[in-house]
1. Give the residue, chosen from 106, 45, that is part of a loop (DSSP other than H, G, I, E, B), more than 30 Å from residue 136 (Cβ to Cβ) and either free of Cβ contacts under 8 Å to residues at least 12 places away in the same chain or outside the structural domain of residue 134 (by TED's automatic domain parsing) (or both).
2. Using the structure shown, decide if residue 93 is under 28 Å from residue 137 (Cβ atoms), at pLDDT 90 or above, more than 16 Å from the chain's Cα centre (by Cα) and surrounded by 14 or more Cβ atoms within 10 Å (Cβ to Cβ).
3. Please go through the stretch 127-143 and pick out each residue that is free of Cβ contacts under 8 Å to residues at least 60 places away in the same chain, in a helix (DSSP H, G or I) and touching a helix residue (DSSP H, G or I) at 6+ places or on another chain (Cβ under 9 Å).
């Protein structure tokens, strides 16, 4: 009978947590709409790949358009990511320490509590550190920072603009 007293409340608690996460993600999507940008970017990249492969068969080389790489985000965005990462890291560490010191908890004097807190702190501070570095050196020509922006969510996708029903594939001058 104890199974029902533990299992069902735990199942309901997990359902409430999942509902909260879904509600939060829906709110973020509403605030920052994507509206098929990734899909349009993948189609544009695939189209370029097809045209470049066809051109190579006849011995012509085509320069890649500017939308194939991600662009840096604004400094404010990087600073916001750094602030959120720092707060999340501090919260992870303090939660681990609270679990370690709670005499009624499962993790009382368990090194796992401190280990998980420190691991969370490290991950979130790494995210914040990269964001701070990108905010400070956004316009530098560093190979490492350029690679990070072009190959991670620290950069945003460049979407070709539609002009009267056609897609503009010309190079961006910015």
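The values are calculated or read from the model by the stated rules, or taken from the named source; none is laboratory data. Worth saying up front: this structure is predicted, and the values here are computed from it rather than measured. Backbone-built Cβ (ideal geometry, glycine too); neighbour counts: all protein chains shown.
1. Details: 45 fails: part of a loop (DSSP other than H, G, I, E, B).
Checking each option against the conditions leaves just 106.
2. On the way: under 28 Å from residue 137 (Cβ atoms): yes; at pLDDT 90 or above: yes; more than 16 Å from the chain's Cα centre (by Cα): yes; surrounded by 14 or more Cβ atoms within 10 Å (Cβ to Cβ): yes.
Spelling it out, residue 93 is indeed under 28 Å from residue 137 (Cβ atoms), at pLDDT 90 or above, more than 16 Å from the chain's Cα centre (by Cα) and surrounded by 14 or more Cβ atoms within 10 Å (Cβ to Cβ).
3. Across the stretch 127-143, the qualifying residues are 127, 128, 129, 130, 131, 132, 133, 136.
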